Amino acid sequence: MSFGLIIIGDEILSGKRRDQHLPKVIELLRERGLRLAWAEIVGDEPERITALLRRTFASADIVFSCGGIGATPDDHTRQCAAAALGVPLALHPQGRALIEERIRETAGPDADLEAPENLQRLRMAEFPAGASLIPNPYNRIPGFTVAQHHFVPGFPVMAWPMIAWVLDTLYADQFHREARLEKSLLVVEAAEAALTPLMEALEARYPEVRVFSLPSVGDAHTRRHIELGVKGDPGQVEAAWTDMCVELERMGAEVQPLRVVDSSSN
């Protein structure tokens, strides 16, 4: 089981708004001992959104999608999800009731629910047939779930508690099931090419371990360095870490201690 994230909106691709969802979703998953396997950003183009959803619906992944579920002309996610699944949009009765409740709350108990602007608002409760609701604690206008895909608004104040609700309600049995450990250090003034044979040897020797390197060119306060580490199965990580440290010492590398990330993290 893998988790994926789709971020929808021209405003992200144009730079008008900076994405905040990716780091937050990683955080929400990490807190629960889960990992994000992939993320994609797509603009407000129905054909691209539909093609992307058709591909992810065909997978076994659990996917969160942020953005585009409103009822303005640039919101296409609900329609694209229905098209990708080959089902019609349908007005969700409970979704309609929640939106009508919100209308009365903001416009007064005698609000005309048949007014054009209120009929337009009700379109936000049109979801692919068979969808279930994701409660929205901010304004009660729901998101929706269909085929292990969970669609929430683009607004962080709404999206993040809705994603947390989905995780805690639907996937609690998956929390902290995979023990993981990560250990890394800094190798100062080293070239990645010189470390690559060591990295390849460690991954060949320990198949449950991934070796990573994060180079930095340094700055006025920091020397050029590489963060070199191992992550994965705790038992194999410990063995790989020992081998890595021994080999770095043999190479005469200058190293600095860095961090250990416990088994519930990535």
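Couple of notes before you dig in:
- In nm, spacing of pseudo-spin labels at Asp112 and Tyr138 (7 Å Cα→C-beta vector): 3.0 nm
- Judged by the mean number of other Cβ atoms found within 10 Å, the most tightly packed of the peptides 59-67, 131-139, 153-161 leads the ranking 59-67, 153-161, 131-139.
- Sparse packing (at most 12 other Cβ atoms within 10 Å of the Cβ) combined with a DSSP loop state is found for the following GluC sites (Glu not before Pro) in region 99-203: Glu114, Glu189.
- Between helix 93-107 and the chain: long-axis angle, C-alpha atoms, 0 to 90°, nearest 10: 80 degrees
- For the chain, the longest principal axis of the C-alpha atoms and the axis of helix 156-170 are separated by about 80°.
- Efficiency of FRET between Arg177 and Thr242 - r from beta-carbon atoms, R0 22 angstrom, step 0.05: 0.25
- Rounded to the nearest 10 degrees, the angle from helix 21-31 to the longest Cα principal axis of the chain is 70 degrees.
- Rounded, prolate or oblate (a/c below 1.5 giving rounded, otherwise prolate when a/b exceeds b/c) for region 1-95 by Cα gyration tensor: oblate
- Expected 222 nm ellipticity per residue - DSSP helices of 4 or more, -39500 (n - 2.57), all of the chain, to 500: -12000 deg cm²/dmol
- Fraction of alpha-carbon pairs over 36 Å apart in the chain - percent: 32 percent
- For Lys231, the lysines whose Cα comes closer than 20 Å to its Cα, not counting residues fewer than 8 places off in the same chain, are Lys183.
- Region 34-81 versus region 151-204: alpha-carbon centroid distance in Å: 22 Å
- Counting Cα-Cα pairs of region 11-58 in 5 Å increments starting at 0 gives whole-percent bin shares of 5, 17, 20, 19, 23, 13, 4.
- Phe144 long-range amide H proximity, modeled H, under 5 Å: Ile134, Phe151
Values in this text are rule-based calculations from the coordinates and carry no lab data. If you're wondering where the values come from, they're calculated on a predicted model, not measured in any experiment. Neighbour counts run over all protein chains shown; Cβ positions are idealised from the backbone, glycine included.
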